[in-house]
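Below: one structure, written as structure tokens.
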Amino acid sequence: MKIREIKEVLKANLLVGSDETLDQEIVYACGSDLMSDVLAFVKEQTVLLTGLTNPQVIRTAELLDVSAIVFVRGKMPTQDIVDMAIERDIVLLSTDYTLFEACGKLYQAGLRGRRK
């Protein structure tokens, strides 16, 4: 599934990204506010869904080569978080759906989580 499709499924606002980055292929999704869980279960070509808007989210995404982050519950990152994402070429989206709803919509659209 392309990031563009994720944006449409979640009715998300694009905060950081371009037409080129929206065409990146995503294979897995991970929904978590615990970055330790993200570190344990995430691989590349993953979209991370979270309610956290702190620098640790960007650093974790960079470390794991996560292509996109979706902030749930309408959360909006501060400018320093946006700047970090731009520097690291990480797509940022924001949706009004809760974490549970957003994960469910992506699952229903065919995106799955990574199995160990």
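The values are calculated or read from the model by the stated rules, or taken from the named source; none is laboratory data. This is a predicted model, so every value here is computed, not measured. Cβ atoms come from the backbone with ideal geometry, glycine included; neighbour counts cover every protein chain shown. To get the accessible areas, we keep the full protein, side chains included, count just its heavy atoms, and leave off ligands, DNA and RNA. Shrake-Rupley method; radii C 1.70, N 1.55, O 1.52, S 1.80 Å.
For a paramagnetic label modelled at 7 Å from the Cα of Ala109 toward its Cβ, which residues of the stretch 63-85 fall within the zone defined by backbone nitrogen distances under 19 Å? The answer is 66-76. Pop out the carbon and sulfur fraction of the accessible area of the chain as a percent, whole number, probe 1.4 Å. Heavy-atom surface of the chain belonging to carbon and sulfur, 1.4 Å probe: 48 percent. Under a 10 Å cutoff between Cα atoms, tell me which one of Thr46, Thr60, Thr95 has the largest fluctuation in the Gaussian network model of the chain. Greatest mean-square fluctuation among the candidates belongs to Thr60. In this simple spin-label approximation, Thr21 and Asn54 carry label points 7 Å from Cα along the Cα→Cβ vector, and these lie 2.3 nm apart. Phi angles of the stretch 96-113 translate, via the Karplus equation with coefficients 6.51, -1.76, 1.60 and θ = phi - 60°, into HN-Hα couplings of 7, 5, 6, 4, 4, 5, 5, 4, x, 5, 5, 4, 4, 7, x, 7, 10, x Hz per residue; Gly and Pro are given as x. Put simply, the amide H of Leu15, placed in the peptide plane, has neighbours under 5 Å in Leu92, Leu93, Ser94, leaving out anything fewer than 5 places away on its chain. Placing dummy labels 7 Å off each Cα toward the beta-carbon, the span from Arg73 to Glu44 is 3.3 nm.
Coupling constants for the stretch 23-33 follow from the phi torsions by the Karplus curve (6.51 cos²θ - 1.76 cosθ + 1.60, θ = phi - 60°), and in residue order they are 8, 5, 7, 10, 9, 10, 10, 9, x, 6, 9 Hz; glycine and proline get x.
Temperature 20 °C, viscosity 1.002 mPa s: under these conditions the Stokes-Einstein estimate for the chain, based on its Kirkwood radius over C-alpha pairs, is 159 µm² per second. One chain, two ends: Asp80 and Glu62. Fully extended at 0.36 nm per residue, the span grows by 5.0 nm beyond their Cα-Cα distance. 3J(HN,Hα) along the stretch 61-71, derived from phi through the Karplus expression 6.51 cos²θ - 1.76 cosθ + 1.60 where θ = phi - 60°, amounts to 4, 5, 4, 9, 6, 6, 7, 8, 10, 10, 8 Hz, with x in place of Gly and Pro.
Distances between placed amide hydrogens fall under 5 Å for Tyr97 paired with Arg73, Gly74, all partners being 5 or more residues away or on another chain.
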